[in-house]
Structure formats: C-alpha cells, structure tokens
Amino acid sequence: MVAPALAVLAALVIGAAGPAIVGPADAVRLAWHGRRAPMVWTAVTCLAAGALAVCAWPVASGPWPRSVLLGVVAGATPALGFFDVRLHRLPDRIVWPGIAACAACLAAEIGRSGAVTTLALGSALTGAAGGAFFAGIRALPGSGLGKGDIKTAVLLGLAAGAVHPVVGLAGLLVGVVAAGLAALALVAAGRRSARDSIAYGPFLLFGAWTSVIAAGALSVGSSVCCVG
C-alpha cells in the first residue's frame, strides 16, 4: 500500500506545481489574467494527475522507485497535454526535470538492489528505444515532429517501461496509431490538409497511459482469477 501511495503523492505534488512553469509570455498567449486562472489550473492538474496515479495503482506496487517514477510522470502529464494542445509546445521546463527524476529513480533502484535490475534495464531500454524511434521519424521530410516529441517519448518510455518493456513499447505504438487515425480523420473532415502538423504530445500521453492502465487491469484480473 505504501508504494502506490507514493505514486499518488508524487503526482499531486508535481501537478500542484503546474502554474510555476508558466512564464509571462505563456500567460499572455494563454490569455491568463489575474490569479483565478492559475488557481483553477492547479486544481485541475492536481485532480487529473492524482486520477492517473490512482489508475496506475495496481502496477505501482512493488519497488518504490517504480511508484515514484510513475507518480512523477502522472504529475507532468496534464501540463504537457495542456501545453501541446494550446501552444503546440512541450516545454523543456517539464520534460527535462521529468527525465532527470526518472533517471534518479532508476539509480535508486540499482542502489537499492545492488545490481542492474529488470525494472531499471527495461525502463532505460524502452526510453532509449522511444527516443531513437521518434528521432528517426523526425529526420524524415515533412514529419512535423518537434524535439519536444522526442524528449516526451523518452520520458514516457522510461515510465511505462518501468512496468514492463512490452507495456512501454505498446504505449508508443498506441500513441502513433492514435495520432495517425486522428490526422486522417481531420483531413477527411476538411479540418486540416495532409501537410499540416498536429499536436503529437497528447497522443503519446494517451498511448502510454492506456498501456499502463490496461496492464494494471490485466494484473488485477489475473489476481482475481488466481484467488478464485
């Protein structure tokens, strides 16, 4: 019970820090005036981050570094999605500290176990694979991907890969497919042309958390079957 609670706590703390990352220029672009908007956003991001951490509860059990890692990414998710939808940007002020926190969790896991564990290795390899894959896509002409998408893929690969490498890779795949389907739908509806780019971040986030939550649901189902 302690480890999943750490995930929820980390998510709430980081979610509450949301307004601190909004600079004056961003506040103008977001049309934020006065103190009410940041307060409302703090409440919304806290609730959303906490909800994600609670949904990840089944897979957050076990080693505490995994729990904190999932909580960190849950806390960063609402802000990343919001920024990319509204400003088409995934701020380094969120992504880089998130990656650094994940790396610290993996280092703590190695220190706790005294060896490179399956958790640490799977997380690191999935994060690297996600970054390499999206870097390759970005190198293609007309891909429309930004550097923020690559860094976010690394962050999400580290988090979902800490559950299991298959979960991390499945999350990236779901994100890619969801983004492709959304782009096709927008083109078919005449809302976008085939050359227009879309905000990729929300789809990466959707894919990662869909995979993590599905893994948790499957683990709960298998536990129930075993008990029965």
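Scoring 136-143, 85-92, 99-106 by mean Cβ neighbours within 10 Å over their residues and listing the highest first yields 99-106, 85-92, 136-143.
Counting charges near V68 (Lys, Arg +1; Asp, Glu -1) among other residues having Cβ under 13 Å from its Cβ returns a value of +1. Once the chain from S143 to A214 is taken as fully extended at 0.36 nm per residue, the excess over their C-alpha distance is 22.6 nm. Taking Lys and Arg as +1 and Asp and Glu as -1, the other residues whose beta-carbon sits under 15 Å from that of T118 total +1. Taking amide H positions as modeled 1.01 Å from N, with prolines and chain starts lacking one, the residues under 5 Å from R89 and 5 or more places away or on another chain are D84.
Of the trypsin sites (Lys or Arg not before Pro) in the range 155-200, the ones in a loop by DSSP (not H, G, I, E or B) with at most 15 other beta carbons within 10 Å are R191, R195. Gain on full extension, evaluated as 0.36 nm per residue between A103 and A128 minus their Cα-Cα distance, stands at 7.8 nm. Net charge of the neighbourhood of R138, taken over other residues with C-beta under 10 Å away and scored Lys/Arg +1, Asp/Glu -1, is 0.
Read the figures in this text as sums done on the coordinates, not as results from a lab. Since the structure is predicted, the reported quantities are computational estimates derived from the model, not experimental observations. Neighbour counts are summed over all protein chains in view; Cβ atoms, including those assigned to glycine, are modelled from backbone coordinates with ideal geometry.
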